[in-house]
Amino acid sequence: LERGLGQIQRVVDDTLGAYRGTVLLRPLEAADIDDVTRLLAPEAAAQRVTLRREGELMSPFATDAVPVRQALLNLLLNAVQASPPGGIVWLRIVHEPDG
């Protein structure tokens, strides 16, 4: 709940920062992936779809976490909703040698 509220605060801060021209980017962290999978769990259960995760984000990833979180949530939600009952949706996190 605290991370969710923190995320809302970051969205508000980013929106205000964009308006003012001072956006502070936050890297994607393992907690962001945890949040996305927790948010999807009730929908996956309702659709009788298994959500599986493979791999971990071992260190913060230098990107803008807010839109990446939203894109990941949208993609996985679409996959859950498009899967038949008994289906499996996989989230695979891979660290490539070039970063």
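Being at pLDDT 95 or above and in a strand (DSSP E or B): is that true of residue 80 here?
no
Report, by residue number, each residue of segment 52-99 that is under 21 Å from residue 7 (Cβ atoms) and of a type in the set (D, E, K, R).
Of everything in segment 52-99, those that are under 21 Å from residue 7 (Cβ atoms) and of a type in the set (D, E, K, R) turn out to be 53, 56, 64, 69.
Is segment 28-44 home to any residue that is open to solvent by 80 Å² or more (accessible area, probe 1.4 Å), in a helix (DSSP H, G or I), over 23 Å from residue 7 (Cα atoms) and of a type outside the set (Gly, Ala, Ser)?
Within segment 28-44 (the criterion being open to solvent by 80 Å² or more (accessible area, probe 1.4 Å), in a helix (DSSP H, G or I), over 23 Å from residue 7 (Cα atoms) and of a type outside the set (Gly, Ala, Ser)), the answer is no, since none of the residues qualifies.
Under 6 Å by Cβ, and 6 or more places apart or on different chains, what pairs join a residue from segment 75-91 that is under 12 Å from residue 40 (Cα atoms) with one that is part of a helix (DSSP H, G or I) and among the β-branched types (Val, Ile, Thr)?
From residues that are under 12 Å from residue 40 (Cα atoms), the pairs are 89/80.
Being without any contact (Cβ under 8 Å) to a residue 40 or more places away in the chain, among the acidic types (Asp, Glu) and assigned to a helix (DSSP H, G or I): is that true of residue 98 here?
Considered against the rule, which asks whether it is without any contact (Cβ under 8 Å) to a residue 40 or more places away in the chain, among the acidic types (Asp, Glu) and assigned to a helix (DSSP H, G or I), residue 98 comes out as no.
Take residue 57 and tell me if it is assigned to a loop (DSSP other than H, G, I, E, B), open to solvent by less than 80 Å² (accessible area, probe 1.4 Å) and closer than 21 Å to residue 30 by Cα.
yes
Hey, can you tell me all the residues within segment 60-99 that are charged (D, E, K, R), closer than 14 Å to residue 37 by Cα and open to solvent by less than 80 Å² (accessible area, probe 1.4 Å)?
69
The values are calculated or read from the model by the stated rules, or taken from the named source; none is laboratory data. Because the structure is a prediction, the values reported are computed rather than measured. Note: ideal-geometry Cβ built from the backbone for every residue, glycine included; neighbour counts use all protein chains shown. Heads up: the accessible areas ignore ligands, DNA and RNA and are worked out on the full protein's heavy atoms, side chains in. Shrake-Rupley method; radii C 1.70, N 1.55, O 1.52, S 1.80 Å.
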